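Chemist: Please read through the structure below; I'll follow up with questions.
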Amino acid sequence: QAVDHFGTLTYTSDGNAVNIVSGANDNNGTAIGGEIDFSPDWVWIKRRNAGNNHQVFDTIRGQNVLVPNENGNQSDYSSYFQFLSSSNGFRLPATSANMNANGGTFVAWNWLAGGGSSVTNNDGSIASTVSANTTAGFSIVKATSPSSGTWTVGHGLGATPDFVIQKYLASSSRWT
């Protein structure tokens, strides 16, 4: 089933700390929309009723946010976002205009990779850290690239990926 590997959750925020969990209610007693049957490894949040930035988190990088509509470095968002290892969702511990603002309506797209676990992968010319879901054909990969030359990175999927998104974490480089 799709809800076993990917799912969308929708919510309206009052700006207070809240767990956004499939099948639960928000702080106002309103049901969280959508359904997922897993603890997500990759979460992409977007405010729907204002033009705020997108926010992307994954279990390999922890509570560091990437903003796909900008070219900036990753930033520590541990005060604003937390993965919940034992539930079908995540926690927003503080107010954030981008994902937990009073009166904000939000959508969170959630993917299951390796179920919170990662492994070292030496299939490429450089080592990588991989959290992979071979059933869904989805993986999260982190690697440190050499300063020059050509290199390859293992992804843990066992087949050539059809689509790859790349972002240098410590650089204001573009997404590719």
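The values are calculated or read from the model by the stated rules, or taken from the named source; none is laboratory data. Since we're looking at a predicted model, the values are computed, not measured. Here the Cβ is made from the backbone with ideal geometry for all residues, glycine too, and neighbour counts use every protein chain on show. Note: areas computed on protein heavy atoms with side chains; ligands, DNA, RNA excluded. Shrake-Rupley method; radii C 1.70, N 1.55, O 1.52, S 1.80 Å.
Chemist: Which ³J(HN,Hα) values in Hz, rounded to whole numbers, follow from the phi angles of the stretch 8-14 under the Karplus curve 6.51 cos²θ - 1.76 cosθ + 1.60, where θ = phi - 60° and Gly and Pro get x?
Modeler: Karplus values, whole Hz, x for Gly and Pro: 10, 10, 10, 7, 10, 9, 10.
Chemist: Another question, then. Could you sort 85-97, 30-42, 150-162 so that the peptide with the highest average Cβ count within 10 Å comes first and the rest follow in order?
Modeler: Top to bottom by mean Cβ count within 10 Å: 30-42, 85-97, 150-162.
Chemist: Wrap a convex hull around the Cα atoms of the stretch 1-86, take a quarter of its surface area, and give that in square nanometres.
Modeler: The number I arrive at for the stretch 1-86 is 6.2 nm².
Chemist: Out of every Cα pair in the chain, what percent are spaced more than 21 Å from each other?
Modeler: 49 percent
Chemist: For the stretch 69-121, would you read off the P(r) tail past 16 Å as a percentage of all alpha carbon pairs?
Modeler: Numbers: 807 of 1378 pairs.
Value for the stretch 69-121 (Cα pairs over 16 Å): 59 percent.
Chemist: Sort Leu84, Leu9 by accessible area with a 1.4 Å probe, largest first. Mind dumping the intermediate values first?
Modeler: Values: Leu84 40, Leu9 0 Å².
Highest to lowest solvent-accessible surface, that is Leu84, Leu9.
Chemist: Moving on. Counting residues in the stretch 83-176 as N, plug N into 2.2 N^0.38 Å and put the Cα Rg over that result. Write out the running numbers ahead of the final one.
Modeler: On the way: Rg = 16.3 Å, N = 94, 2.2 N^0.38 = 12.4 Å.
Cα Rg divided by the expected 2.2 N^0.38 Å: 1.32.
Chemist: Turning to a different aspect of this structure: Considering the options His155, Phe38, Ile165, tell which one lies farthest towards the positive end of the dipole of the chain, charges being +1 on Lys and Arg and -1 on Asp and Glu at the Cβ, about the Cα centre.
Modeler: Ile165
Chemist: So what's the projected area for the stretch 39-93, the Cα convex hull averaged over all directions, in nm²?
Modeler: Here the figure is 4.0 nm², rounded to one decimal.
Chemist: Would you mind telling me the share, in percent, of accessible area of the stretch 1-141 contributed by carbon and sulfur at probe 1.4 angstrom?
Modeler: Values: 2600 of 6150 Å².
Carbon and sulfur together cover 42 percent of it.
Chemist: Could you give the size of the charge dipole of the chain about its Cα centre, using +1 on the Cβ of each K and R and -1 on the Cβ of each D and E, expressed in debye and rounded to the nearest 20?
Modeler: 400 debye
Chemist: For Ile165, what is the net charge nearby, where nearby means another residue's Cβ is under 14 Å from its Cβ and Lys, Arg count +1, Asp, Glu -1?
Modeler: +2
Chemist: Further question: Taking K and R as +1 and D and E as -1, what net charge do the other residues with C-beta under 14 Å from the C-beta of Asn19 add up to?
Modeler: So the environment of Asn19 carries a net charge of -1.
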